[in-house]
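Data block below; observations after.
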Amino acid sequence: MKIVFSMIFGWAMQHKPSKANEVSGLLIMGVAGGGIAPPLMAFVNPVYILLGCMAYLLGLAILYRAAQSK
């Protein structure tokens, strides 16, 4: 990953030297986002999957009970 960062930064500086600050900021935000977003997604994703499965099972139970009471 370190090699790719330096290659992209070097390529961007060759083509847009006047935008050095913007390119640097975007690349750093990308690297920082890549370090923060995956653990956050790993935490949030199972919670929503679990809640969705529980809601589905609750819905099935309600439908089953409604069908049994008729």
On Cα atoms only, tilt of 20-68 relative to the major axis of the chain in degrees: 10
Extended-chain gain in nm, criterion 0.36 nm per residue less alpha-carbon gap, A66 and I49: 3.5 nm
Acute angle (nearest 10 degrees) that the helix 2-15 long axis makes with the longest principal axis of the chain, alpha-carbon atoms: 60
Most mobile listed residue (G34, G59, G25) in the chain, GNM with C-alpha springs under 10 Å: G59
Accessible surface, the chain, averaged per residue in Å² (probe 1.4 Å): 89
S6/L26 FRET efficiency (R0 22 Å; Cβ-Cβ; nearest 0.05): 0.90
Highest-fluctuation residue, L57, L27, L40 considered, GNM on the chain with Cα pairs under 10 Å: L57
Rg over Rh [alpha-carbon atoms, Kirkwood Rh] for the chain: 1.49
For the chain, built as a Gaussian network whose Cα springs stay under 10 Å, the top-fluctuating residue of M54, M29, M41: M54
Efficiency of FRET from Cβ geometry, A37 and Q14, R₀ 35 Å, rounded to 0.05: 0.75
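The values are calculated or read from the model by the stated rules, or taken from the named source; none is laboratory data. Because the structure is predicted, anything quoted here is derived from the model rather than measured. Because the Cβ atoms are built from the backbone with ideal geometry, glycine has one as well, and the counts that use them run over all protein chains shown. Heads up: the accessible areas ignore ligands, DNA and RNA and are worked out on the full protein's heavy atoms, side chains in. Shrake-Rupley method; radii C 1.70, N 1.55, O 1.52, S 1.80 Å.
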